[in-house]
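K.L.:
I'd like to ask you about the structure that follows.
The values are calculated or read from the model by the stated rules, or taken from the named source; none is laboratory data. Here the structure is a predicted model, which means the values were calculated and not measured. FYI the Cβ positions are ideal-geometry reconstructions off the backbone, even for glycines, and counts take in every protein chain you see. Surface accessibility is based on the protein's heavy atoms, side chains included, excluding ligands, DNA and RNA. Shrake-Rupley method; radii C 1.70, N 1.55, O 1.52, S 1.80 Å.
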Amino acid sequence: MKIEYSDHIENRLRLRRIDRDLPNKIFEQAQERYLDKATGHFIAVMNIDLYNKQRDVMIAYVADEKRTTLLTIHPLKYGQKENRVLNGRWRKI
C-alpha cells in the first residue's frame, strides 16, 4: 500500500519542527487506533519523545485499498485522548 502525505501535514511538520519520518512511524507502529466520528477519519496515537517530553502524538488519515493519505499530525494535550474516547467522538478500532 502506498503512503502519501497531504499538503497540510507537510506544512504542519515544518511549522511544528517535527521529523518528516514521524507520521509514517506512527502510522506503522501505533498500537492505538480510532475512528473519529466527527470527521470520518482514522486516528493513530503513539506515545513518543517530542520536544524533550514524552507525549501522545496523533495522526489523522484516510485509507482505501490502494493508498493511505496522512492528513495531519499534532501532540495531544493532557486528557484530550481520554475525553474524545469518553464523549464518543473517537471509537477504538
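K.L.:
Quick one: would you say LEU50 is modelled with pLDDT under 95 and among the aliphatic types (A, V, I, L, M)?
P.N.:
So LEU50 passes the test.
K.L.:
Working only within the stretch 15-74, note down all residues that are farther than 24 Å from ARG89 by Cα, assigned to a strand (DSSP E or B) and acidic (Asp, Glu).
P.N.:
Across the stretch 15-74, the qualifying residue is only ASP49.
K.L.:
Looking at (1) open to solvent by 80 Å² or more (accessible area, probe 1.4 Å); (2) under 15 Å from ILE3 (Cβ atoms); (3) of a type in the set (Ser, Thr, Tyr), can you tell me which one THR72 breaks?
P.N.:
(1)
K.L.:
Where residues in the stretch 17-61 are among the polar types (S, T, N, Q) and in contact (Cβ under 8 Å) with a residue 12 or more places away in the chain, which of them is surrounded by the most Cβ atoms within 10 Å (Cβ to Cβ)?
P.N.:
Filtering the stretch 17-61 for residues that are among the polar types (S, T, N, Q) and in contact (Cβ under 8 Å) with a residue 12 or more places away in the chain, the one surrounded by the most Cβ atoms within 10 Å (Cβ to Cβ) comes out as ASN24.
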